[in-house]
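Reviewing the structure listed below.
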Amino acid sequence: MEDILVTVVAAMYNVEKFAAECIDSILAQTHKKLEVFLIDDGSTDGTPKICDDYAEKDSRITVIHKKNGGLTSVRKYGFDHGSGKYIYFADGDDKLFPETISKLLESCEKNDAEISVCGYCILSDSISEVRIIGNDKVIEKSDFAEKIILPTVCYKNDNTFLPCYCWNRLFRKNCLTDDCFISERVCRREDAYMNLTVLDNVSRISIVNEPLYYYRVNPASLTLKYLDNKLTKDIYFLNFIKVYLENRNLFDEYRFNALVIYTVRDNIDNYCKPGNYKFYKGGIKVLNGIELFENAVMKFDKYISKKTLLLTCYLYKNKLYYALYLYRRSILKKRGFT
(Lines give C-alpha, C1' and ligand atoms only; values in the text may rest on other atoms or scores of the structure.)
Protein backbone atom coordinates (compact mmCIF):
# COMPACT_ATOMS: atom_id res chain seq x y z
CA MET A 1 0.00 0.00 0.00
CA GLU A 2 2.92 2.33 0.66
CA ASP A 3 3.90 2.02 -3.02
CA ILE A 4 0.52 3.20 -4.33
CA LEU A 5 0.77 6.63 -5.94
CA VAL A 6 -1.98 9.09 -5.01
CA THR A 7 -2.57 12.29 -6.97
CA VAL A 8 -3.56 15.24 -4.78
CA VAL A 9 -5.13 18.18 -6.63
CA ALA A 10 -5.33 21.41 -4.63
CA ALA A 11 -7.36 24.31 -5.99
CA MET A 12 -5.47 27.50 -5.17
CA TYR A 13 -7.41 30.66 -5.91
CA ASN A 14 -6.77 33.83 -3.89
CA VAL A 15 -6.07 31.90 -0.70
CA GLU A 16 -2.81 33.55 0.39
CA LYS A 17 -3.98 33.61 4.04
CA PHE A 18 -4.49 29.85 4.12
CA ALA A 19 -2.36 28.41 1.29
CA ALA A 20 0.69 27.56 3.40
CA GLU A 21 -1.41 25.77 6.01
CA CYS A 22 -3.15 23.75 3.30
CA ILE A 23 0.05 22.80 1.48
CA ASP A 24 1.83 21.92 4.74
CA SER A 25 -1.03 19.56 5.62
CA ILE A 26 -0.70 17.81 2.25
CA LEU A 27 3.06 17.40 2.53
CA ALA A 28 2.70 16.10 6.10
CA GLN A 29 0.57 13.13 5.01
CA THR A 30 1.65 9.85 6.55
CA HIS A 31 1.23 8.31 3.11
CA LYS A 32 4.30 9.74 1.39
CA LYS A 33 3.95 8.51 -2.18
CA LEU A 34 2.10 11.52 -3.56
CA GLU A 35 2.16 13.69 -6.62
CA VAL A 36 0.78 17.09 -5.73
CA PHE A 37 -0.74 19.52 -8.21
CA LEU A 38 -1.05 23.05 -6.83
CA ILE A 39 -3.23 24.69 -9.43
CA ASP A 40 -3.29 28.47 -9.32
CA ASP A 41 -6.58 29.34 -11.01
CA GLY A 42 -5.73 32.90 -12.00
CA SER A 43 -5.11 34.26 -8.50
CA THR A 44 -4.60 38.00 -8.10
CA ASP A 45 -3.03 37.93 -4.63
CA GLY A 46 0.12 36.29 -3.26
CA THR A 47 -1.07 32.71 -3.81
CA PRO A 48 1.05 32.02 -6.96
CA LYS A 49 4.34 32.90 -5.23
CA ILE A 50 3.49 30.76 -2.20
CA CYS A 51 2.87 27.78 -4.50
CA ASP A 52 6.12 28.37 -6.42
CA ASP A 53 8.11 28.63 -3.18
CA TYR A 54 6.81 25.27 -1.99
CA ALA A 55 7.57 23.62 -5.34
CA GLU A 56 11.23 24.58 -4.90
CA LYS A 57 11.31 22.70 -1.59
CA ASP A 58 9.49 19.46 -2.49
CA SER A 59 9.91 17.57 -5.75
CA ARG A 60 6.46 15.98 -5.43
CA ILE A 61 4.86 19.33 -6.18
CA THR A 62 3.91 20.57 -9.63
CA VAL A 63 2.54 24.10 -9.86
CA ILE A 64 0.20 25.09 -12.67
CA HIS A 65 -0.64 28.74 -13.30
CA LYS A 66 -3.74 29.01 -15.44
CA LYS A 67 -6.39 31.49 -16.46
CA ASN A 68 -9.32 31.52 -14.07
CA GLY A 69 -11.73 28.78 -15.07
CA GLY A 70 -13.40 27.77 -11.81
CA LEU A 71 -13.06 24.88 -9.40
CA THR A 72 -14.17 22.20 -11.84
CA SER A 73 -11.55 23.26 -14.38
CA VAL A 74 -8.91 22.77 -11.67
CA ARG A 75 -10.15 19.30 -10.82
CA LYS A 76 -10.42 18.35 -14.47
CA TYR A 77 -6.81 19.42 -15.08
CA GLY A 78 -5.66 17.21 -12.23
CA PHE A 79 -7.74 14.34 -13.54
CA ASP A 80 -6.34 14.73 -17.07
CA HIS A 81 -2.70 14.96 -15.99
CA GLY A 82 -2.50 12.92 -12.79
CA SER A 83 -0.80 9.55 -12.93
CA GLY A 84 -1.82 8.14 -9.53
CA LYS A 85 -4.00 5.10 -9.05
CA TYR A 86 -6.14 7.27 -6.77
CA ILE A 87 -6.99 10.96 -6.87
CA TYR A 88 -7.89 13.34 -4.06
CA PHE A 89 -9.32 16.86 -4.48
CA ALA A 90 -8.60 19.52 -1.84
CA ASP A 91 -9.56 23.19 -1.58
CA GLY A 92 -6.76 25.64 -0.94
CA ASP A 93 -8.36 27.33 2.07
CA ASP A 94 -8.89 24.03 3.91
CA LYS A 95 -6.50 21.46 5.36
CA LEU A 96 -6.11 17.72 5.81
CA PHE A 97 -5.46 15.61 8.89
CA PRO A 98 -2.05 13.86 8.70
CA GLU A 99 -3.74 10.47 8.20
CA THR A 100 -6.36 11.57 5.67
CA ILE A 101 -4.87 9.92 2.59
CA SER A 102 -3.54 6.83 4.39
CA LYS A 103 -6.86 6.02 6.08
CA LEU A 104 -8.96 6.61 2.96
CA LEU A 105 -6.53 4.59 0.87
CA GLU A 106 -6.45 1.73 3.36
CA SER A 107 -10.24 1.65 3.39
CA CYS A 108 -10.42 1.47 -0.41
CA GLU A 109 -7.78 -1.25 -0.72
CA LYS A 110 -9.06 -3.35 2.17
CA ASN A 111 -12.63 -3.33 0.85
CA ASP A 112 -11.85 -3.32 -2.88
CA ALA A 113 -13.83 -0.09 -3.16
CA GLU A 114 -13.52 2.52 -5.89
CA ILE A 115 -14.32 5.37 -3.49
CA SER A 116 -13.82 5.95 0.23
CA VAL A 117 -15.60 8.67 2.18
CA CYS A 118 -14.83 10.34 5.52
CA GLY A 119 -16.33 12.89 7.88
CA TYR A 120 -14.91 16.36 8.41
CA CYS A 121 -14.50 19.25 10.84
CA ILE A 122 -15.90 22.73 10.25
CA LEU A 123 -13.47 25.52 11.05
CA SER A 124 -15.38 28.63 12.05
CA ASP A 125 -15.57 30.52 15.35
CA SER A 126 -15.38 27.08 16.90
CA ILE A 127 -14.65 23.60 15.56
CA SER A 128 -17.55 21.22 14.99
CA GLU A 129 -17.52 17.68 13.64
CA VAL A 130 -19.66 16.22 10.88
CA ARG A 131 -19.73 12.46 10.74
CA ILE A 132 -21.39 10.08 8.35
CA ILE A 133 -24.87 8.99 9.39
CA GLY A 134 -25.12 5.23 9.70
CA ASN A 135 -23.02 2.25 10.72
CA ASP A 136 -21.98 1.00 7.30
CA LYS A 137 -18.33 0.26 6.64
CA VAL A 138 -19.09 -0.62 3.03
CA ILE A 139 -22.02 0.28 0.77
CA GLU A 140 -22.63 -2.14 -2.08
CA LYS A 141 -24.02 -1.11 -5.46
CA SER A 142 -27.36 -2.76 -4.68
CA ASP A 143 -27.79 -0.25 -1.83
CA PHE A 144 -26.71 2.89 -3.70
CA ALA A 145 -30.30 4.00 -4.38
CA GLU A 146 -31.45 3.81 -0.76
CA LYS A 147 -28.26 4.86 0.98
CA ILE A 148 -26.64 7.32 -1.42
CA ILE A 149 -28.78 8.55 -4.30
CA LEU A 150 -32.08 9.39 -2.59
CA PRO A 151 -30.51 10.93 0.55
CA THR A 152 -28.32 13.06 -1.73
CA VAL A 153 -31.41 14.42 -3.48
CA CYS A 154 -32.99 15.27 -0.12
CA TYR A 155 -32.33 13.81 3.32
CA LYS A 156 -35.48 12.26 4.83
CA ASN A 157 -34.61 10.67 8.18
CA ASP A 158 -32.54 8.09 6.32
CA ASN A 159 -30.42 5.54 8.15
CA THR A 160 -27.42 6.45 6.00
CA PHE A 161 -26.17 9.75 4.65
CA LEU A 162 -22.79 10.64 3.14
CA PRO A 163 -21.93 14.37 3.12
CA CYS A 164 -21.87 15.04 -0.60
CA TYR A 165 -18.58 16.80 -1.30
CA CYS A 166 -15.52 15.90 -3.32
CA TRP A 167 -12.91 16.84 -0.70
CA ASN A 168 -14.08 14.15 1.73
CA ARG A 169 -13.57 11.39 -0.85
CA LEU A 170 -10.70 9.44 -2.33
CA PHE A 171 -11.48 8.26 -5.87
CA ARG A 172 -9.91 5.40 -7.76
CA LYS A 173 -8.98 7.40 -10.80
CA ASN A 174 -10.27 4.95 -13.38
CA CYS A 175 -13.86 5.23 -12.08
CA LEU A 176 -13.97 8.91 -13.05
CA THR A 177 -14.75 9.96 -16.60
CA ASP A 178 -15.09 13.26 -18.42
CA ASP A 179 -18.87 13.06 -17.90
CA CYS A 180 -18.41 13.36 -14.13
CA PHE A 181 -17.11 16.92 -14.37
CA ILE A 182 -19.43 19.86 -14.90
CA SER A 183 -18.53 23.49 -14.47
CA GLU A 184 -19.99 25.37 -11.53
CA ARG A 185 -20.57 28.12 -14.07
CA VAL A 186 -23.22 25.90 -15.64
CA CYS A 187 -24.58 23.86 -12.73
CA ARG A 188 -24.87 24.47 -9.02
CA ARG A 189 -23.91 21.64 -6.64
CA GLU A 190 -21.23 20.36 -8.97
CA ASP A 191 -19.96 18.08 -6.19
CA ALA A 192 -23.30 16.30 -5.98
CA TYR A 193 -23.37 16.09 -9.78
CA MET A 194 -19.99 14.35 -9.79
CA ASN A 195 -20.78 12.03 -6.90
CA LEU A 196 -24.03 10.88 -8.50
CA THR A 197 -22.66 10.54 -12.03
CA VAL A 198 -19.65 8.49 -10.94
CA LEU A 199 -21.87 5.84 -9.34
CA ASP A 200 -22.46 4.25 -12.76
CA ASN A 201 -18.78 3.25 -12.71
CA VAL A 202 -18.61 2.13 -9.07
CA SER A 203 -19.42 -1.20 -7.43
CA ARG A 204 -18.59 -0.42 -3.81
CA ILE A 205 -17.98 2.57 -1.53
CA SER A 206 -16.13 2.27 1.77
CA ILE A 207 -16.64 4.45 4.83
CA VAL A 208 -14.14 5.92 7.28
CA ASN A 209 -16.50 7.31 9.88
CA GLU A 210 -14.23 9.87 11.48
CA PRO A 211 -13.37 13.48 10.60
CA LEU A 212 -10.27 13.64 8.39
CA TYR A 213 -10.62 17.05 6.73
CA TYR A 214 -10.87 20.61 8.01
CA TYR A 215 -13.42 22.62 6.03
CA ARG A 216 -12.93 26.33 6.61
CA VAL A 217 -15.85 28.76 6.59
CA ASN A 218 -14.12 31.49 4.61
CA PRO A 219 -15.76 34.95 4.89
CA ALA A 220 -14.57 35.66 1.33
CA SER A 221 -16.34 32.59 -0.05
CA LEU A 222 -18.70 33.08 -2.98
CA THR A 223 -21.39 31.23 -1.05
CA LEU A 224 -21.65 34.22 1.29
CA LYS A 225 -22.27 36.71 -1.51
CA TYR A 226 -24.97 37.43 -4.05
CA LEU A 227 -24.48 35.01 -6.93
CA ASP A 228 -25.33 36.13 -10.43
CA ASN A 229 -26.99 33.44 -12.59
CA LYS A 230 -27.63 31.27 -9.53
CA LEU A 231 -31.23 30.59 -10.60
CA THR A 232 -30.22 29.35 -14.05
CA LYS A 233 -27.62 27.03 -12.57
CA ASP A 234 -30.03 25.75 -9.92
CA ILE A 235 -32.63 24.91 -12.56
CA TYR A 236 -29.97 23.03 -14.53
CA PHE A 237 -29.25 20.91 -11.45
CA LEU A 238 -32.95 20.27 -10.80
CA ASN A 239 -33.43 19.12 -14.38
CA PHE A 240 -30.38 16.89 -14.07
CA ILE A 241 -31.74 15.31 -10.88
CA LYS A 242 -35.18 14.73 -12.39
CA VAL A 243 -33.79 12.97 -15.45
CA TYR A 244 -31.21 11.07 -13.36
CA LEU A 245 -33.92 9.66 -11.09
CA GLU A 246 -36.39 8.93 -13.88
CA ASN A 247 -33.78 7.06 -15.92
CA ARG A 248 -33.19 4.78 -12.94
CA ASN A 249 -36.86 4.42 -11.95
CA LEU A 250 -36.09 6.17 -8.68
CA PHE A 251 -38.18 9.32 -8.95
CA ASP A 252 -39.46 10.29 -5.50
CA GLU A 253 -42.04 13.09 -5.50
CA TYR A 254 -41.48 14.00 -1.85
CA ARG A 255 -37.72 14.31 -2.12
CA PHE A 256 -37.73 16.08 -5.46
CA ASN A 257 -40.32 18.66 -4.45
CA ALA A 258 -38.57 19.21 -1.12
CA LEU A 259 -35.39 19.88 -3.12
CA VAL A 260 -37.32 22.33 -5.31
CA ILE A 261 -38.62 24.17 -2.23
CA TYR A 262 -35.12 24.43 -0.75
CA THR A 263 -34.03 25.82 -4.11
CA VAL A 264 -36.77 28.45 -3.99
CA ARG A 265 -35.70 29.41 -0.46
CA ASP A 266 -32.04 29.69 -1.49
CA ASN A 267 -32.89 31.94 -4.43
CA ILE A 268 -35.07 34.16 -2.25
CA ASP A 269 -32.08 34.52 0.08
CA ASN A 270 -29.82 35.25 -2.87
CA TYR A 271 -32.05 38.15 -3.92
CA CYS A 272 -32.14 39.36 -0.31
CA LYS A 273 -28.35 39.48 0.13
CA PRO A 274 -27.72 42.86 -1.57
CA GLY A 275 -30.15 44.50 0.89
CA ASN A 276 -32.06 46.25 -1.88
CA TYR A 277 -35.81 45.69 -1.68
CA LYS A 278 -36.47 46.80 -5.26
CA PHE A 279 -33.85 44.34 -6.52
CA TYR A 280 -35.36 41.59 -4.35
CA LYS A 281 -38.86 42.27 -5.74
CA GLY A 282 -37.49 41.88 -9.27
CA GLY A 283 -36.09 38.50 -8.30
CA ILE A 284 -39.39 37.41 -6.76
CA LYS A 285 -41.12 38.30 -10.03
CA VAL A 286 -38.75 35.96 -11.88
CA LEU A 287 -39.38 33.14 -9.39
CA ASN A 288 -43.14 33.59 -9.74
CA GLY A 289 -42.89 32.78 -13.44
CA ILE A 290 -41.40 29.31 -12.95
CA GLU A 291 -44.06 26.62 -12.99
CA LEU A 292 -41.82 24.02 -11.34
CA PHE A 293 -41.41 26.28 -8.31
CA GLU A 294 -45.07 27.27 -8.10
CA ASN A 295 -46.29 23.67 -8.18
CA ALA A 296 -44.03 22.67 -5.29
CA VAL A 297 -44.67 25.71 -3.13
CA MET A 298 -48.46 25.44 -3.50
CA LYS A 299 -48.27 22.15 -1.56
CA PHE A 300 -45.26 23.07 0.59
CA ASP A 301 -46.61 21.64 3.87
CA LYS A 302 -46.78 18.21 2.24
CA TYR A 303 -43.04 18.10 1.63
CA ILE A 304 -41.37 19.95 4.50
CA SER A 305 -41.57 20.22 8.30
CA LYS A 306 -38.81 22.67 9.23
CA LYS A 307 -40.43 25.67 10.93
CA THR A 308 -38.35 28.41 9.31
CA LEU A 309 -38.98 26.92 5.88
CA LEU A 310 -42.70 26.52 6.56
CA LEU A 311 -42.96 30.21 7.41
CA THR A 312 -40.87 31.16 4.38
CA CYS A 313 -43.15 29.17 2.06
CA TYR A 314 -46.30 30.51 3.74
CA LEU A 315 -45.20 34.10 3.20
CA TYR A 316 -44.14 33.40 -0.37
CA LYS A 317 -47.29 31.47 -1.29
CA ASN A 318 -49.53 34.21 0.13
CA LYS A 319 -47.55 36.98 -1.62
CA LEU A 320 -46.51 38.65 1.63
CA TYR A 321 -43.30 39.68 -0.03
CA TYR A 322 -42.21 42.53 2.22
CA ALA A 323 -42.68 40.42 5.35
CA LEU A 324 -40.76 37.64 3.61
CA TYR A 325 -37.95 40.05 2.78
CA LEU A 326 -37.64 41.22 6.38
CA TYR A 327 -37.80 37.65 7.68
CA ARG A 328 -35.13 36.23 5.39
CA ARG A 329 -32.88 39.29 5.87
CA SER A 330 -33.04 38.74 9.63
CA ILE A 331 -32.01 35.10 9.20
CA LEU A 332 -29.16 36.05 6.87
CA LYS A 333 -27.85 38.61 9.33
CA LYS A 334 -27.83 36.04 12.17
CA ARG A 335 -25.76 33.76 9.93
CA GLY A 336 -23.32 36.53 9.06
CA PHE A 337 -24.24 36.64 5.39
CA THR A 338 -24.79 40.41 5.25
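The values are calculated or read from the model by the stated rules, or taken from the named source; none is laboratory data. Treat the numbers as computed from the prediction; the structure is a model and nothing was measured. Ideal geometry is used to build each Cβ from the backbone, glycine not excepted, and the neighbour counts take in all protein chains shown.
Assorted remarks:
- Test: residue in segment 140-153 that is free of Cβ contacts under 8 Å to residues at least 60 places away in the same chain, among the polar types (S, T, N, Q) and buried (at least 17 other Cβ atoms within 10 Å of the Cβ): yes
- Against the numbered list (1) out of contact with any Leu (no Cβ under 8 Å at 6 or more places or on another chain); (2) surrounded by fewer than 20 Cβ atoms within 10 Å (Cβ to Cβ); (3) in contact (Cβ under 8 Å) with a residue 40 or more places away in the chain, E184 comes up short only at (1).
- Looking across segment 72-84, the residues that are surrounded by fewer than 18 Cβ atoms within 10 Å (Cβ to Cβ) and either more than 21 Å from G42 (Cβ to Cβ) or not acidic (D, E) (or both) come down to H81, S83.
- The set of residues in segment 253-285 being over 22 Å from the mean Cα position of the chain (by Cα) and either over 17 Å from T312 (Cα atoms) or surrounded by 16 or more Cβ atoms within 10 Å (Cβ to Cβ) (or both) consists of E253, Y254, C272, P274, G275, N276, K278, F279, Y280, G282, G283, I284.
- Restricting segment 104-118 to residues that are buried (at least 19 other Cβ atoms within 10 Å of the Cβ) and either at pLDDT below 95 or not β-branched (V, I, T) (or both), the residue that is nearest to the chain's Cα centre (by Cα): C118
- Across segment 313-336, not a single residue is classified as assigned to a helix (DSSP H, G or I), among the β-branched types (V, I, T) and touching a Lys or Arg at 6+ places or on another chain (Cβ under 7 Å).
- One residue from D24, D91, D45 being under 18 Å from Y214 (Cβ atoms), over 21 Å from the mean Cα position of the chain (by Cα) and among the acidic types (D, E): D24
- Residue check for E16: in contact with a strand residue (DSSP E or B) (Cβ under 8 Å, 6 or more places away or on another chain), in contact (Cβ under 8 Å) with a residue 12 or more places away in the chain and among the acidic types (D, E): no
- Every test in (1) loosely packed, with under 14 Cβ neighbours inside 10 Å; (2) under 30 Å from C187 (Cβ atoms); (3) among the small types (G, A, S) is passed by S59 save one, and that test is (2).
- Residue list for segment 318-329, restricted to those being charged (D, E, K, R) and either modelled with pLDDT under 95 or surrounded by 17 or more Cβ atoms within 10 Å (Cβ to Cβ) (or both): R328, R329
- Residues satisfying the stated conditions in segment 225-274, i.e. of a type in the set (S, T, N, Q) and within 16 Å of R328 (Cβ to Cβ): T263, N267, N270
- When the test is whether a residue is under 30 Å from D179 (Cα atoms), hydrophobic (A, V, I, L, M, F, W, C), under 21 Å from the mean Cα position of the chain (by Cα) and not assigned by TED's automatic domain parsing to the domain that holds E190, I290 does not pass it.
- Unmet requirement for H65, which otherwise passes all of (1) under 19 Å from D41 (Cβ atoms); (2) buried (at least 20 other Cβ atoms within 10 Å of the Cβ): (2)
- Test: residue in segment 37-46 that is out of contact with any Pro (no Cβ under 6 Å at 6 or more places or on another chain), within 24 Å of V217 (Cα to Cα) and assigned to a helix (DSSP H, G or I): no
- Counted residues, segment 199-220 - those being in contact with an Asp or Glu (Cβ under 8 Å, 6 or more places away or on another chain) and either crowded, with 21+ Cβ neighbours inside 10 Å or within 24 Å of C22 (Cβ to Cβ) (or both): 9
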